[in-house]
Structures are given as structure tokens and as C-alpha cells.
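Student: Questions regarding the structure given below will be posed in turn.
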Amino acid sequence: MGLGLLTTIVILWIGPHFYAGMGEQGASLSAALTYSHLIFSGAILIWTFNLMLAAVRGTGNMTLPMVVVCGGALALIPVSAC
């Protein structure tokens, strides 16, 4: 949880400077920050999810984590557009 919280804090803090350094400005900077804040506000959940998948892989079950990650990636495509 600590690393997820740290990730969220760092991105929220340096995100505007990072994106501006990449050349974002105006409406594109605003859109990038909105998307970034939405995604990285759930960093604790992402860290926890990946730690659980690592524990399952450690038991020798490689199929379940693969199905979950690939299924999530397929679901992310239409959801990201929203």
C-alpha cells in the first residue's frame, strides 16, 4: 500500500511538470492531467493486484494470472475510450 500511495503522490506532484516538459500545453495538457489523475489515483489497487498475481504465480499456477491480465488488457481497450 505504501508504494502505491507513493506512486500516486509522486505522479500528482510532478505530473504537470512532466507533461509540460514533454511539450503538452493548453487543452492537451489538461486532458493528459485528467487522464493521469484518474489512472494513478488507483495506484494502490494496481500494486495490490500485481502482488496478488505474483503470489498466485509463485504457487505454480501460471494460467490464471495470464488469463486475468490478458482479459483485463482486452477490457481496457474499450474502457479507455470512455
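Student: Could you grab the pairs with beta carbons closer than 7 Å, sequence gap of 6+ or different chains, first residue in the range 16-38 and without any contact (Cβ under 8 Å) to a residue 12 or more places away in the chain and part of a helix (DSSP H, G or I), second one open to solvent by less than 90 Å² (accessible area, probe 1.4 Å) and not small (Gly, Ala, Ser)?
Tutor: Matching pairs, first to second residue: ALA20/LEU29.
Student: Just one of (1) part of a helix (DSSP H, G or I); (2) surrounded by 11 or more Cβ atoms within 10 Å (Cβ to Cβ) trips up LEU74, so point out which.
Tutor: (2)
Student: Can you tell me which residue within the range 13-47, out of those that are among the hydrophobic types (A, V, I, L, M, F, W, C) and under 13 Å from the mean Cα position of the chain (by Cα), is farthest from PRO65 (Cα to Cα)?
Tutor: Ranking the qualifying residues of the range 13-47, first place goes to LEU38.
Student: Could you list, in sequence order, all residues of the range 12-60 that are among the aliphatic types (A, V, I, L, M) and either under 20 Å from VAL79 (Cβ atoms) or touching a Leu at 6+ places or on another chain (Cβ under 9 Å) (or both)?
Tutor: ALA20, ALA31, ALA32, LEU33, LEU38, ILE39, ALA43, ILE44, LEU45, ILE46, LEU53, VAL56
Student: Cβ-Cβ below 7 Å, separation at least six or inter-chain, first residue in the range 39-54 and of a type in the set (Phe, Trp, Tyr) and modelled with pLDDT of 90 or more, second in a helix (DSSP H, G or I) and surrounded by fewer than 14 Cβ atoms within 10 Å (Cβ to Cβ): which pairs?
Tutor: Short answer, once both residue conditions are applied: TRP47/LEU3.
Student: OK, next. Scan the range 1-28 residue by residue and report those that are among the aliphatic types (A, V, I, L, M) and either under 28 Å from MET52 (Cα atoms) or surrounded by 15 or more Cβ atoms within 10 Å (Cβ to Cβ) (or both). If you could, list the steps in order and put the result at the bottom.
Tutor: Initial filter on the range 1-28 (among the aliphatic types (A, V, I, L, M)): 1, 3, 5-6, 9-12, 14, 20, 22, 27.
If the condition is that a residue be among the aliphatic types (A, V, I, L, M) and either under 28 Å from MET52 (Cα atoms) or surrounded by 15 or more Cβ atoms within 10 Å (Cβ to Cβ) (or both), then MET1, LEU3, LEU5, LEU6, ILE9, VAL10, ILE11, LEU12 are the ones that fit.
Student: Is it the case that some residue within the range 56-79 is at pLDDT below 90, hydroxyl-bearing (Ser, Thr, Tyr) and out of contact with any Pro (no Cβ under 8 Å at 6 or more places or on another chain)?
Tutor: No, because not a single residue in the range 56-79 is at pLDDT below 90, hydroxyl-bearing (Ser, Thr, Tyr) and out of contact with any Pro (no Cβ under 8 Å at 6 or more places or on another chain).
The values are calculated or read from the model by the stated rules, or taken from the named source; none is laboratory data. This is a predicted model, so every value here is computed, not measured. As a convention, Cβ positions derive from the backbone with ideal geometry for all residues, glycine included, and neighbour counts pool all protein chains shown. Ligands, DNA and RNA are excluded from the accessible area calculation, which covers all protein heavy atoms including side chains. Shrake-Rupley method; radii C 1.70, N 1.55, O 1.52, S 1.80 Å.
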